[in-house]
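K.L.:
Got a structure for you, questions after.
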Amino acid sequence: MIQFWDVIERAEKGKSLDVNEWDRLVGKTTAEVVAKFDLKYDPDNPVPADDALADRMYEAGIELFARMGIFCIDTGKVLQFTRQEILEALENAPDRAVYGSGNHTVKIPHRTVEDPRDPIVNFSAVGTPVTEELFVPVCQSYAQEPMADTFSGPLITKFRDIGVSSGSPVEVEAGIWNVVKLREAARWAGRPEMPIHNFMSIAERTDATIAAARPELGALPGDGLFVAAVAELKVDYERLKKVAFLLHSPYVIGGLYGPLMGGFGGGPAATAALLVAHHALGVLAFRAPRHNAFPVHIHNVCNTSREMLWLVSVTGQALARNTHLVTFANAFMASGPCTEMILWELSAHSLTSTVSGWHLNPCAVAKNRQPLHCSAMEPRIHAEVGHVAARVGFDRKEACRIVKVLLEKYEKQISQAPIGKSFTECYDPVTVRPRDEYLKLWDKGKKELTKLGFDFELIQQ
Amino acid sequence: MNEILTELNKEVQIGDADKVKQLIQKALDQGVSAMDILEKGLRSAMEEVGKKFETLEIFLPEMMSAADTMKAGVEILQPHLESGSEGGKLGSILLGTVEGDIHDIGKNIVKIMLEGVGFEIMDLGFSVPTLSFVERVKETGPNMLAMSALMTSTMVHMPRVIQFLKDRGLRDKVKVIVGGAPVLPDWAKEIGADGYGDNAAEAIKIAKEMIK
């Protein structure tokens with residue numbers, strides 16, 4: 001059984017390779033694996049109901065990881081693992097993740113394809129820049145949502161009017177402030193000990209993260225932290241240092257993987273195989289009991305286009321059918337808050353993910369780059385659709401039919417998606433309540449979805 | 001002549017380096033000028049490759065393969081290019097991902113495209129220390145400095161580089177463009193960059209406009 005120490009040792013003693021050679025090798029090897037396992041993207045079936053395809057995708061991902069391994073940027077070494085080591089690690093990986101403690105415990109089981117159980121939903125303002133003044137209201141809006149099992153925050157780019165740059169003392173101060181304010185938001189939401197699945201969104205460096213990781217500041221035992229791989233199949237010592245710290249802490253490690261569709265791997269099938277491989281990376285190098293996938297389109301920075309939904313679905317099914325890992329799908333929307341387009345994007349992604357075996361982690365919006373463009377209405381919509389999808393008992397064929405109708409409503413607009421409205425236009429920042437415009441828009445959306453087979457009364461009981 | 005350049009264009013896009021080398025030799029033997037081979041056979045191919053990548057008709061591995069093939073072609077073409085023409089280079093660009101940011105896929109795509117259309121690229125790599133950008137500008141005197149960032153926490157280094165360039169009296173000597181996932185045009189303007197590219201195609205357009 002591979003231990004973390006073995007990983008570190010291999011990062012020091014593995015075969016040397018130039019990073020550019022690694023990037024080229026990823027494309028070449030992935031293409032070979034995709035051809036060997038006959039993996040083909042099918043635009044007519046964005047949610048395929050094909051168990052054999054899912055199983056081949058899993059095998060392809062494992063073979064890809066066994067052939068490639070992991071590249072360590074700091075040492076220029078390749079960390080290689082045998083197939084036996086990989087399978088053993090997956091077999092021994094946790095089949096549940098637990099956040100929080102006492103009455104605030106959130107137990108997250110492995111999910112299966114077409115699982116009738118509600119998905120767990122991590123509400124998150126993924127990487128959206130906000131101001132210091134709005135940080136707490138934004139976080140509170142997420143934490144107070146009834147379907148939020150855990151939450152995490154956006155980020156600030158300026159702290160006391162100084163830019164928060166990685167590696168600076170400001171980063172350490174801002175990182176500590178981040179944790180204090182997240183916990184404060186949970187308190188104002190009426191859930192003071194609510195688990196925070198990723199307590200650090202502002203600081204990148206490990207020293208700043210460690211400085212902030214203290215219960216007296218608000219990072220409670222049973223909170224979590226994400227450790228992100230670098231596309232594709234790369235890690236560095238900053239990441240591995242976080243793992244070394246977290247293994248000795250009471251915090252839950254979340255592996256985070258965002259292969260780029262169209263990037264070093266290639267197209268949808270290749271990127272799906274890479275995403276499977278990244279989960280093996282997360283088990284071995286990050287020691288993660290839960291895994292987050294955010295594959296995105298290299299140009300459109302979303303995962304709601306037809307090929308991205310196919311990729312999300314096939315990868316989810318591959319992992320759900322062949323492992324007992326706890327997996328979450330991160331939702332990345334092209335459009336912004338309070339637009340009709342985002343209703344359909346959120347619905348398509350949530351439905352696809354829920355029937356394909358994922359838990360849900362909504363969401364990045366407006367291509368994850370527009371300051372202040374986020375609100376808790378987006379994860380609310382995503383969570384409600386996911387819960388209803390599970391309770392109605394949609395199977396993949398039914399989900400595919402609905403997703404195709406939804407895609408018709410927005411896919412042509414993806415490259416020019418509207419950025420939507422800002423937090424203060426979507427919410428009253430004083431009462432932290434959504435404004436009528438957004439609530440009415442979602443009511444209208446629910447009526448449309450009801451016509452397609454959703455029954456929202458199932459979540460009102 | 002057009003036929004062989006068309007074939008050359010096609011083989012660059014396919015990424016067959018051996019075939020491209022043969023075709024270049026054949027074209028030279030037929031009396032086609034080295035500049036025509038470069039412009040109409042190789043660079044035009046890379047422009048098409050760039051367009052195909054923008055619409056994801058092809059993916060990054062195919063684009064990288066075409067770029068490698070073009071490089072192989074340029075190598076054998078180099079001795080035939082007129083001396084003093086600098087190999088038909090459009091200008092020099094210093095390129096890197098800012099301090100703390102190890103994500104370089106975007107920077108690499110921009111590099112491939114800029115090289116493909118004829119710029120000389122000095123790639124400083126990723127997580128380039130702020131002062132290294134400044135020192136390299138001083139040492140190499142490029143026409144342009146292009147900085148990339150994938151993370152909001154690292155793009156903050158861009159204005160610091162620009163400030164250091166000002167402090168050392170270098171700002172007027174080099175054009176500065178910025179890009180990357182979290183970078184927006186308004187922010188680029190606010191920090192005093194000369195230009196902003198939302199993607200590789202825009203970066204090329206801006207570079208061509210600014211370096212004349």
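K.L.:
Where in segment B:26-81 are there GluC sites (Glu not before Pro) that are in a DSSP coil and have at most 12 other Cβ atoms within 10 angstrom of their Cβ?
P.N.:
Here the GluC sites (Glu not before Pro) that fit, given the DSSP loop and packing criteria, are B:Glu57.
K.L.:
Take the Cα gyration tensor of segment A:353-461, multiply each eigenvalue by 5, square-root it, and list the three semi-axes largest first, rounded to whole angstrom.
P.N.:
25, 18, 13
K.L.:
On a straight-distance basis, which aspartates and glutamates could pair with A:Lys397 in a cross-link, Cα separation under 16 angstrom, same-chain partners fewer than 8 positions away excluded?
P.N.:
Reachable aspartates and glutamates: A:Asp42, A:Asp44, A:Asp50, A:Asp51, A:Glu114, A:Asp115.
K.L.:
Then there's this: For segment B:3-144, what D do you get in µm² per second when you plug the Kirkwood radius from alpha-carbon pairs into Stokes-Einstein at 4 °C and 1.567 mPa s?
P.N.:
Stokes-Einstein gives a translational diffusion coefficient of 81 µm²/s.
K.L.:
Please go through the residue pairs A:Lys367/A:Lys412; A:Lys13/A:Lys241; B:Lys111/B:Lys205; B:Lys10/B:Lys205; A:Lys13/B:Lys107 and name each one whose alpha carbons sit more than 19 Å apart in this structure.
P.N.:
From the list (A:Lys367/A:Lys412; A:Lys13/A:Lys241; B:Lys111/B:Lys205; B:Lys10/B:Lys205; A:Lys13/B:Lys107), the Cα-Cα distance tops 19 Å for B:Lys10/B:Lys205; A:Lys13/B:Lys107.
K.L.:
A:Ala97's amide H: which non-local residues (gap 5+, or another chain) put their own amide H closer than 5 Å, with H modeled 1.01 Å from N in plane and none for Pro or chain starts?
P.N.:
A:Ile108
K.L.:
Which far-off residues, 5 or more places away or on another chain, put their amide H under 5 Å from the one on A:Phe159, with H placed in the peptide plane?
P.N.:
A:Val164
K.L.:
Regarding segment A:368-428, what's the average projected area of the Cα-atom convex hull, expressed in nm²?
P.N.:
Computed as one quarter of the Cα hull surface, the answer is 5.4 nm².
K.L.:
So with the 1.4 Å probe, I'd like the accessible area per residue for chain B, rounded to whole Å².
P.N.:
With the other protein chains kept in place, chain B gives 44 Å² per residue.
K.L.:
Another question, if that's okay. Put +1 on the Cβ of each Lys and Arg and -1 on the Cβ of each Asp and Glu in segment A:43-127; which of A:Pro116, A:Ile70, A:Gly102 then has its Cα farthest toward the positive end of the dipole?
P.N.:
A:Gly102
K.L.:
Hey, another quick one. What share of Cα pairs, in percent, lie more than 21 angstrom apart in segment A:279-361?
P.N.:
Across segment A:279-361, Cα pairs with separations above 21 Å total 28 percent.
K.L.:
About the Cα centre of segment A:7-55, what is the dipole size in debye to 20, counting +1 per Lys and Arg Cβ and -1 per Asp and Glu Cβ, all else neutral?
P.N.:
It works out to roughly 340 debye.
K.L.:
I would also like to ask the following. In bins 5 Å wide, starting from 0, what share of all Cα pairs of segment A:70-134 does each bin hold, as a percent?
P.N.:
3, 10, 11, 12, 13, 16, 16, 11, 5, 2, 0
K.L.:
Another question about this same structure. If you wrap segment B:141-208's Cα atoms in a convex hull and average its projection over all directions, what's the area in nm²?
P.N.:
Mean orientational projected area (segment B:141-208, Cα hull): 4.2 nm².
K.L.:
Could you give the size of the charge dipole of segment B:3-128 about its Cα centre, using +1 on the Cβ of each K and R and -1 on the Cβ of each D and E, expressed in debye and rounded to the nearest 20?
P.N.:
The calculation lands at about 100 debye.
K.L.:
Write down Rg/Rh for segment B:100-184, rounded to two decimals, with Rg from the C-alpha atoms and Rh from the Kirkwood relation over Cα pairs.
P.N.:
0.94
K.L.:
Taking Cα centroids, how far is segment A:281-341 from segment A:83-141 in Å?
P.N.:
First find each Cα centre; the distance between them is then 13 Å.
K.L.:
Turning to a different aspect of this structure: Counting only protein heavy atoms, what percent of the accessible surface of chain B is carbon or sulfur at a 1.4 Å probe?
P.N.:
Carbon-and-sulfur percentage of accessible area, whole number: 48.
K.L.:
Mean-square fluctuation check for chain B, GNM, Cα pairs under 10 Å: which of B:Asp172, B:Asp18, B:Asp68 is largest?
P.N.:
Maximum fluctuation in the GNM of chain B, among the listed residues, is at B:Asp172.
K.L.:
Do you know which residues of segment B:159-207 lose at least 20 square angstrom of accessible area in the protein assembly compared with their chain on its own, with a 1.4 angstrom probe?
P.N.:
B:Ala181, B:Leu184, B:Asp198
K.L.:
Dipole of the protein assembly as shown (Lys/Arg Cβ +1, Asp/Glu Cβ -1, origin at the Cα centre): which of A:Leu275, A:Ile253, B:Ser33 lies farthest to the positive side?
P.N.:
Result: A:Ile253, furthest along the dipole toward the positive end.
K.L.:
In Å and on Cα atoms, what radius of gyration and Dmax does segment A:184-308 show?
P.N.:
16.0, 46
K.L.:
Another question, then. What residues qualify as long-range amide H neighbours of A:Phe328, i.e. H under 5 Å apart, gap of 5 or more or another chain, H built at 1.01 Å from N?
P.N.:
Answer set, sorted by chain and number: A:His291, A:Asn292, A:Ala293, A:His359.
K.L.:
Quick one: pull the percent of accessible area on chain A belonging to carbon and sulfur, 1.4 Å probe, ligands and nucleic acids left out.
P.N.:
Taking all protein chains in place, chain A shows 51 percent carbon and sulfur surface.
K.L.:
How large is Rg over Rh for segment A:206-252, taking Rg from the Cα atoms and Rh as the Kirkwood inverse mean of 1/r across Cα pairs?
P.N.:
When Rh is taken as the Kirkwood radius, the ratio is 1.00.
K.L.:
Same structure, new question: Translational diffusion coefficient of segment B:53-127 at 20 °C, 1.002 mPa s, Stokes-Einstein with Kirkwood Rh over Cα pairs, in µm²/s as a whole number.
P.N.:
For these conditions, the coefficient is 157 µm²/s.
K.L.:
Next up: Which length gain, in nm to one decimal place, applies between B:Ile76 and B:Glu135 when the Cα-Cα distance is subtracted from 0.36 nm times their residue separation?
P.N.:
18.0 nm
K.L.:
What's the buried accessible area, both sides, between B and A using a 1.4 Å probe, rounded to 100 Å²?
P.N.:
2500 Å²
K.L.:
Now, a different point. What are the ³J(HN,Hα) values, in whole Hz, obtained from phi via the Karplus relation 6.51 cos²θ - 1.76 cosθ + 1.60 with θ = phi - 60°, for each residue of segment A:18-31 in sequence order, with x given for Gly and Pro?
P.N.:
Result, rounded to whole Hz: 6, 4, 5, 5, 4, 4, 6, 5, 4, x, 5, 5, 4, 4.
K.L.:
Mean-square fluctuation check for chain B, GNM, Cα pairs under 10 Å: which of B:Thr154, B:Thr55, B:Thr140 is largest?
P.N.:
B:Thr55
K.L.:
Take the eigenvalues of the Cα gyration tensor for the protein assembly as shown, scale each by 5, and report the square roots as semi-axes in whole Å, largest first.
P.N.:
41, 29, 25
K.L.:
Restricting to DSSP loop positions (anything but H, G, I, E, B) with no more than 12 other Cβ atoms inside 10 Å of their own Cβ, which trypsin sites (Lys or Arg not before Pro) remain in segment A:1-65?
P.N.:
Listed in order of number, the matching sites are A:Lys40.
K.L.:
Which residue fluctuates most in the GNM of chain B (Cα springs below 10 Å): B:Ser33, B:Ser92, B:Ser44?
P.N.:
Comparing B:Ser33, B:Ser92, B:Ser44 in a Gaussian network model of chain B, the most mobile one is B:Ser33.
K.L.:
Now, a different point. Please give the Cα centre distance for segment B:141-181 versus segment A:172-201, rounded to the nearest Å.
P.N.:
Centre-to-centre (Cα) distance: 34 Å.
K.L.:
May I ask you to evaluate 6.51 cos²θ - 1.76 cosθ + 1.60, the Karplus curve with θ = phi - 60°, for each residue of segment B:123-140 and list the ³J(HN,Hα) values in order in whole Hz, giving x for glycine and proline?
P.N.:
Karplus-based 3J(HN,Hα) across segment B:123-140 equals 8, 8, x, 10, 6, 7, x, 3, 5, 5, 4, 5, 4, 6, 4, 5, 5, 9 Hz.
K.L.:
Convex hull over the Cα atoms of segment A:42-159, averaged projected area in nm²?
P.N.:
Averaging across all directions leaves 12.7 nm² for the Cα convex hull.
K.L.:
For segment A:168-314, what is the accessible area per residue in Å², given a 1.4 Å probe and the full set of protein chains?
P.N.:
That works out to 24 Å² for each residue.
K.L.:
Do any residues of segment B:29-66 show a loss of at least 50 square angstrom of accessible area between the isolated chain and the full protein assembly, using a 1.4 Å probe, and if so which?
P.N.:
B:Leu56, B:Phe59, B:Pro61, B:Met64
K.L.:
Out of every Cα pair in segment B:55-207, what percent are spaced more than 27 Å from each other?
P.N.:
When every Cα pair of segment B:55-207 is considered, 22 percent fall beyond 27 Å.
K.L.:
Quote the charge dipole size of chain A about the Cα centre in Debye, to the nearest 20; the model charges only the Cβ of Lys and Arg (+1) and of Asp and Glu (-1).
P.N.:
That gives chain A a dipole magnitude of about 140 debye.
K.L.:
Quick one: Kirkwood hydrodynamic radius for segment A:163-255, alpha-carbon pairs, angstrom, one decimal?
P.N.:
It is 13.4 Å.
K.L.:
Okay, next question. For A:Arg433 and B:Ala201, what is the calculated FRET efficiency with R₀ set at 60 Å and r taken between the beta-carbons, to the nearest 0.05?
P.N.:
Here the calculated transfer efficiency is 0.90.
K.L.:
Starting from 0 in steps of 5 Å, tell me what percent of the Cα-Cα pairs of segment B:125-174 lands in each bin.
P.N.:
The percentages, shortest bin first, are 4, 20, 35, 25, 12, 4.
The values are calculated or read from the model by the stated rules, or taken from the named source; none is laboratory data. Note that the structure is predicted; figures quoted are calculated from it, not measured. For neighbour counting, all protein chains shown are included, and Cβ atoms are generated from backbone atoms with ideal geometry for every residue, glycine included. Please note that ligands, DNA and RNA were not included when accessible areas were found on the heavy atoms of the full protein model with its side chains. Shrake-Rupley method; radii C 1.70, N 1.55, O 1.52, S 1.80 Å.
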